[in-house]
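Chemist: Let me begin by handing over the structure; questions about it come next.
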Ligand SMILES: Cc1cc2nc3c(=O)[nH]c(=O)nc-3n(C[C@H](O)[C@H](O)[C@H](O)COP(=O)(O)O)c2cc1C
């Protein structure tokens with residue numbers, strides 16, 4: 001049972017961006033994850049309590065070259081919920097052009113600059129975390145974005161390039177001076193990619209170095225790790241990435257424990273209800289077509305973590321191509337859970353998170369424990 005903390009009467013801290021006017025700290029974010037956090041999953045996470053979501057990263061230059069395709073894949077269809085669009089690249093004029101296009105055509109509350117992607121093919125073009133070594137260029141990008149549209153600009157960055165160059169505090173100051181209104185710090189270096197532990201120390205030092213709000217990211221898997229992030233760094237919010245894979249309920253848990261809030265309809269979200277909602281949203285978005293089910297397969301594999309018979313469930317999840325397949329798969333999931341005395345939903349898996357290869361969605365699915373509810 002999760003303990004509910006009393007809602008703080010007021011939390012003094014840096015002014016939140018205008019789009020967060022209706023929210024109070026700590027803000028609860030779903031992180032951008034390329035190949036994972038598409039529109040259906042973001043929408044699902046919003047329904048389960050995420051307060052802010054961010055698009056998968058989109059190339060600023062590509063947006064100019066193929067606007068229709070990219071604008072569709074960004075999926076800026078979240079009504080009036082706070083949704084940021086993240087761009088990557090290296091030319092300030094590309095960012096400015098992309099921002100103008102976004103401002104004219106896509107509903108979102110702000111533009112986020114990617115200074116964190118560690119993938120070789122991204123870094124070799126001086127994009128993503130390569131900007132941690134070129135903070136002046138990062139500042140030019142932020143300044144170009146600020147000048148291009150009225151949309152607030154934020155930056156998501158790493159602790160530094162490697163353990164010898166933890167420079168997030170200085171880079172953060174440079175971004176603030178250039179006009180950024182909020183920063184997210186992933187407490188790993190580029191060298192760490194997605195392994196090892198995120199440094200709460202680096203996040204705390206960055207938070208102390210600037211007067212704009214900082215969001216903490218890295219290793220948030222459950223309420224306890226979110227509370228640790230908040231207590232040890234003093235950040236204005238937490239951003240959950242791999243902790244949401246197969247566990248979108250984490251947002252309901254965080255809303256309840258950190259803010260004393262009960263997200264609407266939290267009780268009706270059994271495992272089956274969550275899967276059906278995600279499938280329904282995916283079909284609404286992409287049609288009832290075989291292709292729609294391919295990106296869903298990895299999510300189903302994550303949902304099966306810890307359920308008895310997971311090996312065969314995971315194997316079958318890899319073949320799912322239709323609503324009927326999902327139906328048959330879920331019947332087996334429910335039967336396996338019932339036989340094991342589980343009902344409702346799996347709770348926070350205790351397994352290590354999936355491994356990421358080269359910054360894309362290639363994963364090594366780990367087994368997690370499912371607690372009966
Ligand atoms: C599959 C995958 C794709 C990612 N794609 C993005 C991205 O598009 N933009 C970004 O800023 N970070 C991206 N990230 C990084 C996450 O947002 C987050 O910073 C990182 O996973 C650390 O958080 P965690 O320890 O909670 O997973 C990605 C991470 C994963 C696992």
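None of the figures in this text is laboratory data; all of them are computed from the coordinates on show. Everything quoted here is computed from the prediction, not taken from an experiment. When we count neighbours, we look across all protein chains shown, and the Cβ atoms used for this are built from the backbone with ideal geometry, even at glycine.
Chemist: As an exercise, use a Förster radius of 41 Å and the Cβ-Cβ distance of residue 133 and residue 23 to find the FRET efficiency, rounded to the nearest 0.05.
Modeler: Details: r = 33 Å, r/R0 = 0.82.
In this case the efficiency is close to 0.75.
Chemist: How high is the FRET efficiency from residue 273 to residue 322, r the C-beta distance, R0 22 Å, rounded to 0.05?
Modeler: Working: r = 20 Å, r/R0 = 0.89.
E(calc), rounded to 0.05, equals 0.65.
Chemist: Please work out how much length the chain gains when fully extended from residue 312 to residue 201, using 0.36 nm per residue of separation minus the C-alpha to C-alpha distance, in nm with one decimal.
Modeler: 35.8 nm
Chemist: Alpha carbon centre of the range 22-71 versus the range 176-212: separation in Å?
Modeler: Centre-to-centre (Cα) distance: 20 Å.
Chemist: Sticking with this one: For the chain, take the longest principal axis of its alpha carbons; what is the angle in degrees between that and the long axis of helix 135-148, to the nearest 10 within 0 to 90?
Modeler: Compared with the principal axis, the helix lies near 90 degrees.
Chemist: Also: Angle, helix 271-286 long axis vs. longest principal axis of the chain, Cα atoms, 0 to 90°, nearest 10?
Modeler: 60 degrees
Chemist: Would you mind classifying the range 249-350 by shape? Square roots of the alpha carbon gyration tensor eigenvalues, ordered a ≥ b ≥ c; an a/c under 1.5 is rounded, otherwise it is prolate if a/b is larger than b/c and oblate if not.
Modeler: oblate
Chemist: Can you pull the percent of Cα pairs in the range 1-147 with separation above 17 Å?
Modeler: 64 percent
Chemist: Sticking with this one: Gaussian network model of the chain, Cα springs within a sub-10 Å range: biggest mean-square fluctuation belongs to which of 178, 241, 338?
Modeler: 338
Chemist: Assuming a ≥ b ≥ c are the square roots of the Cα gyration tensor eigenvalues, decide whether the chain counts as rounded (a/c under 1.5), prolate (otherwise, with a/b larger than b/c) or oblate.
Modeler: Prolate, since a/c reaches 1.5 and a/b exceeds b/c.
Chemist: Using the Kirkwood radius over Cα pairs, work out the Stokes-Einstein diffusion coefficient for the range 262-316 at 37 °C and 0.692 mPa s, in µm²/s as a whole number.
Modeler: Values: Rh = 12.5 Å.
It comes out at roughly 264 µm²/s.
Chemist: Kindly provide the helix-only [θ] at 222 nm of the chain, computed as the sum of -39,500 (n - 2.57) over DSSP H runs of four or more divided by all residues, to the nearest 500 deg cm²/dmol?
Modeler: Computed mean residue ellipticity for the chain: -12500 deg cm²/dmol.
Chemist: Could you work out how far apart the two model spin labels at residue 80 and residue 332 are, taking each label as a point 7 Å from the Cα in the direction of the beta carbon, and quote it in nm?
Modeler: 4.5 nm
Chemist: Once you place label points 7 Å from the Cα toward the Cβ at residue 165 and residue 73, how far apart are they in nm?
Modeler: So the two model labels end up 3.0 nm from each other.
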